[in-house]
């Protein structure tokens, strides 16, 4: 899968195995179709965000596996499913359009005569053959939009290097170009126009940057690091009021399941890394001391609603 991603215009050779002890029939079967010409692999997977990020480690980022995917995380929340079975008739225009795309042969296409049935072209059964490609050119204005986004990606990747996830943006440029092409073809345009390129940039940028932020907060290589990030996410999600240690036990299952020593270690590590800071909120009675993110603590302190506590008073 890693190799096929960049083989859209090249042959992809399958793995070779020794055939010394095989019969001639088996040798012929192994040597049949030794390569696939111009492979275009589409992989669609679905998961819930929690399970998805828990299964990821830095290995999938460094080796380039995750950067080859466009991760789309919906923000619509839970919705009711279809509770009754409904027979939806498929549009005839859609069926014809799909046939045209599947059987497209470029200049070598042969129109059926006398109402004859359209037969699948030979290349659908022979992976070593490829149809004549239909060239979709790109306009100068569209190319400028994509080049500007490429410059932005380079700066963002350099910034993410200190978190060790700069490689996440390694294939974003190529993904954006492919999305722009898909949009142009869907619009039945003979060129990739500026509007197509801008739509692709906006779409890819939104979901890729969203995924980068989630990876920074959730992907870890050890159970302790996972717990630290879960605590950090819980505190960040709490907003300007932060979380007390009692509230934190309710919001973070991993933190709740740890003993006092490990809980102290998590809070200390997050404080030393500059992720959280203890804040004392003024109330009518006893002051409320909570953990807040560093930026939130600075804002509430300036409004004189709270006081950032000294380092020595962190464990309260």
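The values are calculated or read from the model by the stated rules, or taken from the named source; none is laboratory data. It should be emphasised that the depicted structure is a prediction, and the values quoted were computed from it without experimental measurement. In this analysis, Cβ positions are derived from the backbone assuming ideal geometry, glycine residues included, and neighbour counts consider all displayed protein chains.
Evaluating residue 153 against the criteria (1) without any contact (Cβ under 8 Å) to a residue 24 or more places away in the chain; (2) more than 17 Å from residue 70 (Cβ to Cβ); (3) crowded, with 17+ Cβ neighbours inside 10 Å leaves one unmet condition, (2). Number of residues in region 196-228 that are more than 16 Å from residue 173 (Cα to Cα), assigned to a helix (DSSP H, G or I) and more than 19 Å from the chain's Cα centre (by Cα) equals 6.
For region 238-252, residues that are touching a residue at least 12 places away in the same chain (Cβ under 8 Å) and surrounded by fewer than 19 Cβ atoms within 10 Å (Cβ to Cβ) total 7.
So that you can scan it fast, the table gives a plain yes or no per residue for (1) farther than 23 Å from residue 9 by Cα; (2) in the same structural domain as residue 9 (by TED's automatic domain parsing); (3) more than 20 Å from the chain's Cα centre (by Cα):
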position	(1), (2), (3)
147	no, no, yes
165	yes, no, no
175	no, no, no
182	no, no, no
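Only residues that are outside any helix (DSSP H, G or I), in contact with a helix residue (DSSP H, G or I) (Cβ under 6 Å, 6 or more places away or on another chain) and either surrounded by 15 or more Cβ atoms within 10 Å (Cβ to Cβ) or at pLDDT below 85 (or both) were counted in region 22-76, giving 4.
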